[in-house]
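Any read-out appearing in this document is the output of simple, stated calculations on the displayed coordinates, not a laboratory observation. Because the structure is predicted, anything quoted here is derived from the model rather than measured. Because the Cβ atoms are built from the backbone with ideal geometry, glycine has one as well, and the counts that use them run over all protein chains shown.
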Amino acid sequence: MPVMDGYEFLEKASKVEGCENTPILVATADESSEVENRCLKLGAWDFVRKPYNPNTVRLRLQNIISRSQIYLMEQLRYTAEHDKLTGLFNREKFFESARQLLARCPEERFAMIRLDIDRFRLVNSFFGEEEGNRLLRYVAECIAEMAPDFPHLTYGRMEADVFCLCLPFEREKVLHMMEICREKLRQFIKNYYVELSFGVCVMDGSTADVNTLYARAAMAAETCKNHYGSFYAYYDNSLSEAAFKTQWVLNEMESALQLRQFVVYLQPKYDLENNLPCGAEALVRWNHPQRGMVFPGEFIPVFEHNGFIARLDYYVWEETCRLLRKWLDQGLQPKPLSVNVSRVNMYNPNLVDILQDLVEKYRVPASLLNLELTESAYMDNPTLMKQTLERLHRCGFVVMMDDFGSGYSSLNTLRDISVDILKIDMKFLPTDGADSRSERILVSVIRMAGWLGIPVIMEGVETCRQRDFLKSVGCGYVQGYYYAKPMPVAEYETLVAAGESQRLPQRVTEEKAQHLGEVWGSGFQADLLYRYVRQPIAICEVVGEEIAVVRVNRAFLTRFGHGKSDGGIQSLCGVCGQAEAGSLLKKAIHRTVRDGGETECRYLYRGADGKPVPVRLYLQYVEEVANSHLLIATLADESGRSRMEPADE
Ligand code: C2E
Ligand code: MG
Ligand code: MG
């Protein structure tokens, strides 16, 4: 050959990309078998010698060309059936292979196991895509390594970080397999736990369609994503039913909105002081011609997921404004109605404008359309919520924090944003199986809100006992079945028309809040009182029958201590002194609250050591904020006096 010899050509040709599959026939005059061997080793497909017989050459060429085509077809098929990154079956091939497997072993009960890596995207963004790919290949290897343990098994990579196995079901063996997989994966990246979620669907005779089995395994996997601590879940029929219901909601929602199948019900809120309604909450119902009344629990979560809630919310707000307009036109003085604002809406940059346009359109004072924002929206994005709240306030809207306490960060919520009213989640209400812990939390929340000057509405009050309890701890307002269930508008109109009702309270004025701030704060004046006044001082709070010592100064701490007891009256009369001095003290305190004046009394204080110390207590009423009364107690240790004088009363 002119530029290179035949050997050199063979060597280079085999390395040119795309030429691996090009058949090469070597033609030569050389007769030694050594040359032939060398050519074949270097990649020649076949070999002909001079003198050429045209027929032989043609036949040999035909042979190598068809061999090349077969090889090419195989390669194409491999590429079409396998995932490039991991070499496992791809989705289509996996389904086909599972189908064949099921057909081949009709007596076996198979399971479809879908697995994926939790938060795989994070792996990609923390460690880079290359590391992500390495992880995927590692998962594939783990699965492939286990394959020999299962005689009838097929598996593949479905997409991104999702893999699937189909194998005869044996509970123990499957569990063991999942655990091993999980263990191996956890060690993959140092200092970062890679977690897997498995969804298992076991064939139950209802279907042998592999796509359906896979979809069910996926539903199961979805459920364990929401439960910390479980990494696998089995499919059961309720999951399918749930999916079916969701689909129904999705199919029907558009027409339902157009046909005005959504109706607004009103649930009154009551003032505990006088048991009168003081407004209501608008709650949506879906009145479906075939299914009847459908409750929000069935459709709101679906709408929150797909964003449709924004339109439904608007519909409810508009219906509510229309109602208020109607009442105003009738010359009534309607109480405010509150509407729910879903968290999706909090991300709508036009939210405030939309609401403002709406109240303008219906010429309704903004103060009549109260807004219930759920606490979880705050946790999603505190800054946004804070800004939105400020703008809503500027427009005159009253904002309630709905489901307070249901979030994980309720204290932050209270600290950071200034809502007008707190609606406490019903889960804190003591039920008959009395949970004293949530009861105590509830009391503290009500008190805390009181100190901040925020009125409280308790949701879900169902019994007379709960009502009495709430009243005794200073809760101002309630909403619940005990008073009234959500009702059609006409029924509410009758209810309100029947009796006088009153407005929901506004937040305590700034001035009063500032005053309170001084009592609780660490400003200069408070500091003087707490640190430098040498007489023991305690600030007490009285809510209903409950008395609590909420703050004491340093002199009090030094002399009497605080914190060992429950923060209640024991702090004032000693751990061992309650029986003797307790009732005397209680009376004095309640008298001070009743008269709003001053009282003095003497009694024996008994601390942990039980030794009696004569004390003189001076009580001074300060003020009332949101049903809680503040008193200042000043104590004097009289043991220095010559003789113990008899206690008052
Ligand atoms: P929510 O805003 O916290 O409403 C209070 C829910 O508690 C209502 O359920 C009400 O019927 C129920 N409830 C009231 N008193 C009692 C009681 O004494 N015992 C018990 N067990 N439940 C009581 P509902 O109407 O089923 O609404 C559930 C949730 O759906 C609402 O919780 C709210 O988050 C949402 N929702 C309802 N209507 C709308 C709406 O128009 N828009 C938006 N975004 N969400 C809505
Ligand atoms: Mg609500
Ligand atoms: Mg609520």
To check you understand DSSP bridge types, tell me what percent of the beta bridges within the chain (both residues inside) are antiparallel, rounded to 5. 70
What spacing in nm lies between the two simple spin-label points modelled at R119 and Y78, each 7 Å away from Cα in the Cβ direction? 3.9
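Pop the C-beta distance of R171 and S418 into the FRET formula with R0 = 51 Å and round what comes out to the nearest 0.05. Don't jump to the answer; show the numbers that get you there.
Working: r = 55 Å, r/R0 = 1.08.
It comes out at approximately 0.40.
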What is the ratio of the Cα radius of gyration of the chain to 2.2 N^0.38 Å, where N is its residue count, to two decimals? 1.51
Return the calculated 222 nm mean residue ellipticity for the chain, to the nearest 500 deg cm²/dmol, obtained by summing -39500 (n - 2.57) across DSSP H runs with n ≥ 4 and dividing by the residue count. -14000 deg cm²/dmol
Contact order normalised by length for the range 445-487, with contacts defined as Cα pairs under 8 Å and 6 or more residues apart; what percent is it? 45
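Per-residue counts of other Cβ atoms within 10 Å, averaged by peptide: what ranking do you get for 120-130, 279-289, 528-538, highest first? Present the calculation step by step, with values, prior to reporting the outcome.
On the way: 120-130: 13.4, 279-289: 19.8, 528-538: 15.3.
Final packing ranking: 279-289, 528-538, 120-130.
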Would you list, by chain and number, the lysines whose Cα falls below 17 Å from the Cα of K15, excluding same-chain residues fewer than 8 positions away? K41
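Quick one: net charge around L115, please, counting Lys, Arg +1 and Asp, Glu -1 for every other residue with C-beta under 11 Å from its C-beta. Can you show the working numbers first?
Working: positive: R114, R157, R182; negative: D116, D118, D161, E195.
My count for the surroundings of L115 gives -1.
Only sites in a loop by DSSP and with at most 15 other Cβ atoms within 10 Å count here; which trypsin sites (Lys or Arg not before Pro) in the range 63-108 make the cut? Each step should come with its number before you reach the end.
Numbers: sites: R67, R77, K84, R91, K93, R99, R104; in loops: K84.
Counting only loop positions with at most 15 other Cβ atoms within 10 Å, the trypsin sites (Lys or Arg not before Pro) in the range 63-108 are K84.
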Distance from the Cα centre of the range 314-367 to that of the range 547-561, in angstrom? 49
From the phi angles alone, apply the Karplus equation (6.51, -1.76, 1.60; θ = phi - 60°) to the range 387-404 and give each ³J(HN,Hα) in whole Hz, x where the residue is Gly or Pro. 5, 4, 4, 4, 5, 4, 4, 4, 7, x, 7, 9, 10, 10, 8, 7, 6, 4
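So how do 418-427, 596-605 stack up, highest first, on mean other-Cβ count within 10 Å? All intermediate terms of the calculation are to be shown ahead of the outcome.
Values: 418-427: 21.9, 596-605: 17.2.
Top to bottom by mean Cβ count within 10 Å: 418-427, 596-605.
What value in Å³ per residue do you get for the convex hull of the alpha-carbon atoms in the range 259-507?
On the way: hull volume 33.3 nm³, N = 249.
With only Cα atoms used, the range 259-507 gives 134 Å³ per residue.
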Hull volume per residue for the range 33-187, using the convex hull of the C-alpha atoms, in Å³ is 186
Full-extension gain in nm, A160 to E598, via 0.36 nm per residue minus C-alpha separation: 150.2 nm
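Mind checking the full-extension length gain between N350 and K427? Use 0.36 nm per residue of separation minus the Cα-Cα distance, one decimal, nm. Let's see the in-between values first.
Numbers: separation 77, 0.36 × 77 = 27.72 nm, distance 3.31 nm.
The N350-K427 span can extend by a further 24.4 nm.
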Computed over the Cα atoms of the range 170-253, the Rg and Dmax in Å are 15.4, 49
Only bridges whose two residues both fall in the range 259-507 count here: according to DSSP, what percent of them are antiparallel, nearest 5? 45
F127 to R440: FRET efficiency via 1/(1 + (r/R0)^6), r the Cβ-Cβ distance, R0 51 Å, to the nearest 0.05? 0.65
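If you keep only loop residues by DSSP, which trypsin sites (Lys or Arg not before Pro) in the range 163-204 have at most 11 other Cβ atoms within 10 Å of their Cβ? Show your work: numbers first, answer last.
Details: sites: R171, K173, R182, K184, R186, K190; in loops: K190.
Passing both the DSSP loop test and the Cβ count: K190.
How high is the relative contact order of the chain, in percent, with contacts defined as C-alpha pairs under 8 Å that are six or more residues apart? Please list the in-between numbers first.
Numbers: 997 pairs, mean separation 46.4, N = 649.
After rounding, I find 7 percent.
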In nm, what is the difference between 0.36 nm times the number of residues separating I64 and E11 and their Cα-Cα distance? 17.2 nm
Quick one: angle between helix 54-81 and the longest Cα principal axis of the chain, in degrees between 0 and 90, rounded to 10, please. 10
Nearest 0.05, what FRET efficiency do V533 and K386 give at R0 = 30 Å with Cβ-Cβ as r? 0.20
I want to check the label-to-label distance for K326 and E491. Put each point 7 Å from Cα in the C-beta direction and report it in nm to one decimal. 1.6
Holding the Cα-Cα limit at 20 Å, pick out from K269/K485; K173/K225; K84/K190; K269/K335; K423/K485; K190/K225 the pairs that are longer than that. K173/K225; K84/K190; K190/K225
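Looking at the P(r) of the range 6-81, how many percent of alpha-carbon pairs lie beyond 22 Å?
Working: 853 of 2850 pairs.
Considering the range 6-81, 30 percent of its Cα-Cα pairs are separated by more than 22 Å.
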